[in-house]
């Protein structure tokens, strides 16, 4: 009997304890902790699992944001956004700015957008974590600041079952965002992410993406879309200068 470990959250499936071999589980079986698909599990050898598999949906979301010049994400990690958190950790072009409350993350992203002209990005877990972003996102909407909210969501296979922390994130955020959508399959990932960023800039307002945990862990090999120079915000096309009148120029 073997032990299998989730490469996303570290959960261990012990065949002797569960009474069933891992390979015999149905293909749509997901991690009971984080919702990662069966393919995310590796044989446990008594040490931490380091995933060296294919790129995931979360990896491609982060890679695409980096291509748009995003250097930081403000937010709090949790079980429903662990794949995204791990993708940020693995990408050297971006960092996670940890906050103590999602409301602060949204206000920081909004302030970032207002001061730089570049899209600000915040992140939350599902349920109350997502709703905690609302005040800061409404602030961005009021001042027409381009902000992207990455909303953790329960696994897609549990949507509609009144799962713990499941809320209708898209319906809620559509009431004040210029664009809100859920990524429901790997194939639509890059199209939706690019559309969200373009909407944020074109309509000068906040956008939101609902990201089910199991979808974030699915493999995705599609190449990101390189934005041409004139699609980037003006501040990205100009040399970086200090625009804050209260701080002496270096």
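The values are calculated or read from the model by the stated rules, or taken from the named source; none is laboratory data. All values reported here derive from a predicted model rather than from experimental measurement. Cβ: placed from backbone, ideal geometry, glycine included. Neighbour counts: every protein chain shown.
Kindly establish whether residue 119 is closer than 24 Å to residue 56 by Cα, buried (at least 17 other Cβ atoms within 10 Å of the Cβ) and without any contact (Cβ under 8 Å) to a residue 60 or more places away in the chain.
Details: closer than 24 Å to residue 56 by Cα: yes; buried (at least 17 other Cβ atoms within 10 Å of the Cβ): yes; without any contact (Cβ under 8 Å) to a residue 60 or more places away in the chain: no.
When the stated conditions are applied, residue 119 does not pass them.
Among the residues of the stretch 1-42, write down those that are more than 18 Å from residue 57 (Cβ to Cβ) and buried (at least 19 other Cβ atoms within 10 Å of the Cβ).
To start, the set of residues in the stretch 1-42 that are more than 18 Å from residue 57 (Cβ to Cβ) comprises 1-5, 10-26, 29, 32-33, 42.
Scanning the stretch 1-42 gives 4, 5, 13.
Can you name every residue in the stretch 100-116 that is under 24 Å from residue 67 (Cα atoms) and under 16 Å from the mean Cα position of the chain (by Cα)?
The answer is 105, 106, 109.
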From 197, 157, residue being in contact with a strand residue (DSSP E or B) (Cβ under 8 Å, 6 or more places away or on another chain), crowded, with 16+ Cβ neighbours inside 10 Å, modelled with pLDDT of 90 or more and part of a helix (DSSP H, G or I): 197
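Do we find that residue 133 is in contact (Cβ under 8 Å) with a residue 24 or more places away in the chain and closer than 20 Å to residue 67 by Cβ in this structure?
On the way: in contact (Cβ under 8 Å) with a residue 24 or more places away in the chain: yes; closer than 20 Å to residue 67 by Cβ: no.
Spelling it out, it is not the case that residue 133 is in contact (Cβ under 8 Å) with a residue 24 or more places away in the chain and closer than 20 Å to residue 67 by Cβ.
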Residue pairs meeting the criteria (Cβ under 7 Å; at least 6 apart or on separate chains; first over 24 Å from residue 79 (Cα atoms), in the stretch 1-29; second surrounded by 13 or more Cβ atoms within 10 Å (Cβ to Cβ)): 1/15; 2/15; 2/22; 21/15
Selected residue (criterion: surrounded by the most Cβ atoms within 10 Å (Cβ to Cβ)) from residues of the stretch 71-86 that are touching a helix residue (DSSP H, G or I) at 6+ places or on another chain (Cβ under 7 Å) and under 25 Å from residue 117 (Cα atoms): 75
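With respect to residue 93, is the statement that it is touching a strand residue (DSSP E or B) at 6+ places or on another chain (Cβ under 9 Å) and assigned by TED's automatic domain parsing to the domain that holds residue 189 true? Explain how you work it out, then say what you get.
Numbers: touching a strand residue (DSSP E or B) at 6+ places or on another chain (Cβ under 9 Å): no; assigned by TED's automatic domain parsing to the domain that holds residue 189: yes.
When the stated conditions are applied, residue 93 does not pass them.
Here are some residues: 149, 145, 141, 208. Which one is over 21 Å from residue 33 (Cα atoms), part of a helix (DSSP H, G or I), at pLDDT 95 or above and in the same structural domain as residue 83 (by TED's automatic domain parsing)?
Numbers: 149 fails: part of a helix (DSSP H, G or I); 145 fails: part of a helix (DSSP H, G or I); 208 fails: part of a helix (DSSP H, G or I).
After ruling out the rest, the residue left standing is 141.
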